[in-house]
């Protein structure tokens with residue numbers, strides 16, 4: 001089959017690779033219909049997430065058709081149109097049963113790597129390095145879906161593929177930030193990042209009753225999209241003092257909930273940007289946490305900060321003093337998508353949630369390297385490049 | 001003056017010797033504690049399910065009498081705490097590093113068996129890694145391959 005493979009830092013190519021097989025009785029094989037770039041892929045591409053091997057198939061946000069099921073798959077059959085959660089969860093460990101799907105104990109066959117790195121092993125993730133199980137990604141014609149009864153969700157009739165696609169990752173990730181960040185009616189919510197996850201977090205905050213939602217970015221086309229399709233206010237961090245502006249817009253209190261949707265390659269304005277970049281380039285720090293820092297300083301006393309962006313290691317200049325003395329709740333997670341996807345598909349079905357506008361560029365899988373170039377460098381207003389492996 | 005310097009040097013030397021002796025005692029005691037440590041997993045199943053008909057889960061049972069095992073109910077309705085440790089001595093210090101790289105530290109087999117037991121008891125299967133691979137050999141890839149091969153038996157478990 002055809003697949004988009006990581007070949008080295010900033011190097012991708014489309015290759016012929018072996019078709020996936022059913023290896024466990026609870027596996028399904030899905031013929032990929034649509035698969036999209038995600039901001040977290042850029043960390044792989046840039047070499048910030050170790051444990052990638054030349055030839056690894058990337059991609060984790062996808063939708064397709066079930067073409068084969070293992071003998072223990074009960075909820076799906078051949079021909080089902082499904083959207084698959086990017087995080088693999090077994091559904092039966094204590095964490096999965098308690099809704100903490102990205103903390104699944106059983107879905108990472110290479111647990112020692114993240115166990116050593118973080119003190120506990122992470123869950124498996126499609127196409128996201130051997131630290132998260134070494135599963136082949138979705139930028140391919142077929143993908144193996146372990147624990148298919150728990151990770152694949154039937155797409156309701158009447159919902160288009162493109163609308164359902166983002167229920168695989170961007171929409172549940174954003175929803176989780178607002179939900180677990182504790183957004184309540186009347187809240188002021190600030191979201192760092194107007195990419196797909198940031199837009200979905202902003203929309204989720206609005207649907208959960210936030211009075212005012214302010215999204216922060218520097219790319220005009222993304223900010224315009226957020227205003228037009230999500231209905232949130234926006235702030236350009238290169239043109240204003242974000243913390244002062246957020247204070248002014250929240251009566252001096254600061255936002256009740258701050259959601260960071262940027263990750264380890266965050267940019268900032270001023271000398272801090274140079275400082276973080278130099279340290280990262282010199283290998284003195286793995287992550288650039290500019291947005292997390294700002295969120296902690298901006299948040300109201302006793303408020304909540306949720307970190308949705310992907311981080312890998314240690315960060316420098318983390319404002320622990322502000323966090324402690326302001327009494328903040330700081331939380332983060334890879335997405336617990338399985339607990340949100342059914343509800344999100346219903347919301348897409350009844351028109352409460354719109355996602356298809358984020359697919360700014362659609363192309364055959366053969367154009368994958370070009371798609372990532374557009375996406376990474378934000379050329380031509382690219383918010384998400386979506387690949388059609390069978391086009 | 002000469003005598004005072006000599007005395008200070010002697011006292012310093014004795015002090016350093018005592019510190020080193022105490023530190024090496026502490027280090028040996030710590031090594032003994034580490035070697036005797038139980039490796040534990042909590043399985044989201046009741047003890048009578050984990051020990052169905054008095055038998056250990058298959059991956060752990062395969063280790064036979066090379067391990068010591070303990071089972072107790074986890075607090076808060078979290079299932080069963082299953083622990084094991086090798087009966088044979090485990091390598092320590094520099095030999096431990098070599099043994100772990102060579103896949104010969106007996107704790108690696110115990111960690112793997114505990115993880116597989118948990119997965120089997122909770123899900124009914126041991127999840128297999130993707131195959132066949134799509135990767136090509138590179139020098140960095142070979143190092144990663146070694147780490148991945150050991151990953152099932154490694155970590156802080």
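Nothing in this text is a laboratory measurement; each read-out follows from the coordinates by a stated rule. Bear in mind the structure is a predicted one, so any value in this text is a computation, not a measurement. Positions of Cβ are generated from backbone atoms using ideal geometry, with glycine treated the same way; all protein chains shown enter the neighbour counts.
State whether the protein assembly as shown is rounded, prolate or oblate according to the following rule on the C-alpha gyration tensor (a ≥ b ≥ c being the square roots of its eigenvalues): a/c under 1.5 gives rounded; otherwise a/b larger than b/c gives prolate, and the remaining case gives oblate. Can you show the working numbers first?
Values: a/c = 1.73, a/b = 1.23, b/c = 1.41.
Cα axes put the protein assembly as shown in the oblate bin.
Hey, got the average number of other protein chain Cβ atoms within 10 angstrom for residues in A:90-103?
3
Please state the shape class of segment A:118-200: rounded when a/c is under 1.5, otherwise prolate if a/b exceeds b/c and oblate if not, all from the C-alpha gyration tensor. Don't skip to the end; give the middle numbers.
Details: a/c = 2.09, a/b = 1.32, b/c = 1.58.
Oblate shape, in that a/c is at least 1.5 and b/c is the bigger or equal ratio.
Ignoring everything except DSSP H segments at least 4 long, calculate the 222 nm mean residue ellipticity for chain A; use -39,500 (n - 2.57) per segment, divide by total residues, nearest 500.
Computed ellipticity for chain A at 222 nm equals -7500 deg cm²/dmol.
Could you work out the relative contact order of segment B:85-157, using alpha carbon pairs under 8 angstrom and six or more residues apart, expressed as a whole percent? It would help to have the intermediate numbers written out before the result.
On the way: 37 pairs, mean separation 27.1, N = 73.
Relative contact order, segment B:85-157: 37 percent.
Calculate how steeply helix A:271-281 sits against the longest principal axis of the alpha-carbon atoms of chain A, using the helix alpha-carbon long axis, and give the answer as 0 to 90 degrees to the nearest 10.
Compared with the principal axis, the helix lies near 30 degrees.
Determine the relative contact order of chain A: mean sequence separation of Cα pairs under 8 Å and six or more apart, normalised by residue count, in whole percent.
It rounds to 18 percent for chain A.
In what sequence, highest mean first, do A:175-185, A:109-119 appear when ranked by Cβ atoms within 10 angstrom? Show your work: numbers first, answer last.
On the way: A:175-185: 22.6, A:109-119: 20.5.
Ranked by mean Cβ neighbours within 10 Å, highest first: A:175-185, A:109-119.
For A:93, A:382, what's the fewest-to-most ordering of other Cβ within 10 Å of each Cβ?
Numbers: A:93 26, A:382 20.
Least to most surrounded, the residues fall as A:382, A:93.
For segment A:220-333, just say rounded, prolate or oblate: build the C-alpha gyration tensor, square-root its eigenvalues into a ≥ b ≥ c, call rounded for a/c under 1.5, and beyond that prolate if a/b exceeds b/c, oblate if not.
Cα axes put segment A:220-333 in the oblate bin.
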